[in-house]
Amino acid sequence: MKFWCEAIAITQRILIELLRRRRSLIFWIIFPISILLINGFVLAESMQLSTEEGFAYAAPSTLVGAALFFSCLGGSVATVVSEREQQTLKRLFISPLSGTSYFLGIFLAHSCIGFGQTLIIYTIAAFWGTTFKGSVFLGAIIILMSIVAYVGLGFILGTQLARRTEDVNSLVAAFGVPLLILGGAFFPIRFLPKTLLELAKINPIYHMNQALLAVSTQGENLQDIASHFQFLSGFTLIMILGGWFSYRRMVMLEKRL
C-alpha cells in the first residue's frame, strides 16, 4: 500500500502542476482536436468517403500517431529533464520515497493524460457519427501498450540524450517526425512508395496505428491483428525494461554529483 500511495502522490503532483500551467494543458487539448479535424476532412475529400468514414479512419491515426506521441513521449522526456534541472531527484534521495514509486508515478500521470486525449478524440469523432466497431477492451489494451511504449522511450531519451529543457523539442522532432510520417499519422500508408512501406513495417507507430485502425474501423479481433499485436507487445516490453534501466542509471549518476 505504501508503494502505491507514493506512486499516486507523484501522479497527483505532476497533474496538479499541469493544471496550474493551464497554457500547456490547453495546447495538449487543441493539438489532437485540430489534427483530427484536418485529417478527417482531408481523408473524406481525397478518398471520396463520407464525413463519418473520414473521421473513423482519422481518429486512430490521430490518437496513437500524434496525440499520444507528443503528450506521452514528449511529455515524459520534458518531465524527466525538468525534474533533473529542478533537483527533484536529489531531494528524492533524502526522502523515504522509493525510486520505483517515482518511476511508476510519472508513468501513471502520463497515462491519465493519454486516456484523457483518447476520450476527447473519440468524443469528437462520435459527434460526426463515428462508432467504435470492434472490441473496446482490445482497443483499450492497444492504447495502453502505446502509452507504456511511449513513456518508456521517453525515459530512455530523456535520461540518455536530453540534458536541458531546450533539448526536448529538437530531440522529439529528430526522432519523432520521420517515424510519424512512416507510421501513417498524417496520411494513409497507401500513399507511401513500396520501399518506404517495407521500412515502415519496423516502425512501432505503424503497428500501433494499423492495430487500432483495424479494431476500431473494421471490427477485427486479436487473431486478425496478431502480427501487429505481437510486434507492439515486444516493443512495449523492451521500452519498459529500457526505460527502467535508463532511469536507474540516471539515479546512480545523480547520486555521484
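The values are calculated or read from the model by the stated rules, or taken from the named source; none is laboratory data. Values in this document were obtained by computation on a predicted structure and should not be read as measured data. Virtual Cβ from ideal backbone geometry, glycine too; neighbours counted across all protein chains shown. All accessible areas refer to the heavy atoms of the entire protein, side chains included, with ligands and DNA or RNA removed. Shrake-Rupley method; radii C 1.70, N 1.55, O 1.52, S 1.80 Å.
Overview of values
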quantity: Calculated diffusion of segment 190-233, Stokes-Einstein form, Kirkwood radius summed over Cα pairs, 25 °C and 0.890 mPa s, µm²/s; calculated: 226
quantity: Alpha carbon convex hull of segment 179-257, projected area averaged over orientations, nm²; calculated: 7.0
quantity: Theoretical gain in end-to-end length, F115 to L197 [0.36 nm per residue, Cα-Cα removed]; calculated: 26.6 nm
quantity: E198, E220, E83, ranked by accessible area, largest first (probe 1.4 Å); calculated: E198, E220, E83
quantity: Probe 1.4 Å - accessible area at R21, Å² to nearest ten; calculated: 130
quantity: With every protein chain in place, the chain: carbon and sulfur % of accessible area (1.4 Å); calculated: 68
quantity: Cα point-scatterer Debye curve for the chain, base-10 log of I(q)/I(0) at q = 0.08, 0.10, 0.11, 0.14 Å⁻¹; calculated: -0.32, -0.50, -0.60, -0.94
quantity: Cut-off 15 Å between beta-carbons: net charge of the residues surrounding K133, Lys and Arg +1, Asp and Glu -1; calculated: -4
quantity: 222 nm mean residue ellipticity, helices alone, for the chain (DSSP H n ≥ 4; -39,500 (n - 2.57); rounded to 500); calculated: -26000 deg cm²/dmol
quantity: Dipole in debye (nearest 20) - segment 1-255, about Cα centre, beta carbon charges: Lys, Arg +1; Asp, Glu -1; calculated: 880
quantity: Span-rule helices in the chain, defined as complete DSSP H runs reaching 30 Å or more along the axis (Cα) with Kyte mean at least 1.6; calculated: 136-160
quantity: Residue-level accessible surface for W244, protein heavy atoms, 1.4 Å, Å²; calculated: 70
quantity: Relative contact order [Cα under 8 Å, 6+ residues apart], the chain, whole percent; calculated: 27
